[in-house]
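The values are calculated or read from the model by the stated rules, or taken from the named source; none is laboratory data. Being a predicted model, the structure only gives us computed values, none of them experimental. Please note: Cβ atoms are built from the backbone with ideal geometry, for glycine as well, and neighbour counts cover all protein chains shown. Protein only, heavy atoms only, side chains kept; ligands, DNA and RNA dropped before computing areas. Shrake-Rupley method; radii C 1.70, N 1.55, O 1.52, S 1.80 Å.
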Amino acid sequence: MAKKLIDLVKKKFGDALLQSHSRLGNDTVVVSKDSLADVIEFLRDDEASKMNFLRDITAVDYLNRRPRFDVVYVLYSMELKHMLVVRAPLEESDVSLPTIAHLYGCAAWLEREVFDMYGVKFVGHPDLRRVLLYEEFEGHPLRKDYATQASQPRIELLSRERDSVEEFRKYVKDEDINTGSRAD
Amino acid sequence: MAEDIFQGIDQDIHSEPMILQMGPSHPATHGTVRFTLTLDGESVVKCDTEVGYLHRGFEKESENSTWTQVFPYTDRLNYVSPLLNNFGYALAVEKLLGIEVPERCDYIRTIMGEVSRLSDHLTCVGAGGLELGAMTAFLYAIEGRELVWDLIEQVTGARLTVSYGRVGGVKDDLTPDFAENWAVVKKRLLEIHATTHKLLTRNRIFLDRMEGTGVITPEAALSYGYTGVCLRSTGVAYDVRKDHPYFCYDKVDFDVPVGAHGDNFDRYLCRMDEILQSIRIIDQCLAQIQPGPVNSDDPRVVLPEKVKVYNTIESMIQHFKIIFEGIQVPPGEVYSYTEGGNGELGYYIVSNGTGKPWKIHVRAPSFIMMGGIHKLFEGSLLADIIPTFDTINMIGGECDR
């Protein structure tokens, strides 16, 4: 089973496949970031792989390696019960990747976490914002060069809260909500 | 897109869409979760979920600890079933090390893991009843959970933050009278299970609140990465224990309860059935377990016995090396997965060959399910959020990073 999936990717995306290995029960393919979305879409739809379940997306910061980051996708097939790890290396100078939010429901959410923690930008993501930390937070805490003891000052008002007030006003018919004279 | 949703609403002079902030301290949203709801009357049109952050920094802290020091952090992931998190992490590191644990240890992990799962399901079922006003059912379930925690306390020495798992084994053997104590607890658990069924399963109020609310289709559940009870309630029989057996799950006989509708009531019934299955697994394991060592004999990872540490220089050096430098895990990366209380609990671990993990990422089922929770809310009533949010069983510690 193991080699089959790697061979499948190799056959279809010869040049895009940078590296592959099969260790500790995990099969891994390393692909270039430009072909990442295509590889995952192919794996999801092909009859031989049927990877209909996205287990996880995360990133690894190797700090001193070039390229510095790896974004990791763990795919699984509920029907055929096999797993494949897809990794895409990223240069520090250009931490962006195509999104796969259109392929899996949970991808958008998981990509937000990677963006929050590592600052990886997902091009084409419908709603890329922080998921755990607040908007005004500076930096990306899981990067290795973010100090463990770093602290950030308290913030005054979340812009998200301001937004929801604005959004509320947009749907209230009478603009002048404060005067109390609402002409319906 | 937004205009389309509100087009029909704008024509109605009496209703305007209302934006309601539910949480972060709403009684029905445990933890720091906040839903920004757009309401049309009482119907939820749109839901934006914010999971909040408890600032515990699981992954960052783990990267600054030795491999063994991570165990206390894993306790605090899903704090209702910490043993499952302990063992899941231990299994991941063992995969990376390429070591096997003795058979008795596998049995102990299976037994204690299932005991923990009982605690998880009892809490969820009981709290679900409580949030819908069924105080009695809650008190019974909590009695069951206390009994289960008594067992855990006898074995691990702690009720909540157990830190019982170890790389290459467990902290200690089961107590000699564990099987006897289990027999007593089991008897009462079965009574509580039957009582809960009587109190809730045919209760008109409970049925009305649970049946047909929080519905999700199998396709949507798969796409949104749902696992565990939430996925099985839709009819997809995916259970890591069955599909990819680890520990002793291939040596025992148990069923995977599945639902048909993917609604709150199915999730409740699946949990109730799983309580019985866990009891079955523990019974079989206790019948099969044989005496023997509980820790691996690999000197690289397991601390020597105290007698040897005090009396031989080699064991003392070994002890110091493991404590100061940590276990030396060979370089590599692995994704290891087990069945947690809420679903698939995965650890993605990267080692660079030193005594500290380079990266530990946890695939927490709660966190992923919160990413798709708006699918369950949108189109239903505001009041349905309470039972739905409960049967999802989000655990704040796991959702946080």
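Of the numbered criteria (1) assigned to a helix (DSSP H, G or I); (2) over 16 Å from residue B:121 (Cα atoms), the one residue B:214 fails is (1). The condition (being under 24 Å from residue B:147 (Cα atoms), of a type in the set (D, E, K, R) and under 19 Å from the mean Cα position of the chain (by Cα)) is satisfied by just one residue among B:76, B:56: B:76. Among residues of the stretch B:211-239 that are at the interface with chain A (Cβ under 10 Å from one of its Cβ atoms), those with a beta-carbon under 6 Å from a residue that is of a type in the set (S, T, N, Q) at least six positions away or on a different chain give the pairs B:218/B:234; B:221/B:234; B:222/A:52. The selection criterion, being within 25 Å of residue B:375 (Cβ to Cβ), buried (at least 20 other Cβ atoms within 10 Å of the Cβ) and in contact with a strand residue (DSSP E or B) (Cβ under 8 Å, 6 or more places away or on another chain), holds for residue A:76. Here residue B:387 fulfils each of the conditions (1) open to solvent by 10 Å² or more (accessible area, probe 1.4 Å); (2) over 25 Å from residue B:75 (Cα atoms) apart from (1).
Each residue in the stretch A:20-58 was checked for being open to solvent by 10 Å² or more (accessible area, probe 1.4 Å) and away from every other protein chain (no Cβ under 13 Å), and 13 pass. Every condition in (1) open to solvent by less than 10 Å² (accessible area, probe 1.4 Å); (2) of a type in the set (D, E, K, R); (3) modelled with pLDDT under 90 is met by residue A:116 except one, and the failing one is (3). Restricting the stretch B:42-68 to residues that are within 14 Å of chain A (Cβ to nearest Cβ) and part of a helix (DSSP H, G or I) leaves a set whose member that is most open to solvent (accessible area, probe 1.4 Å) is B:61.
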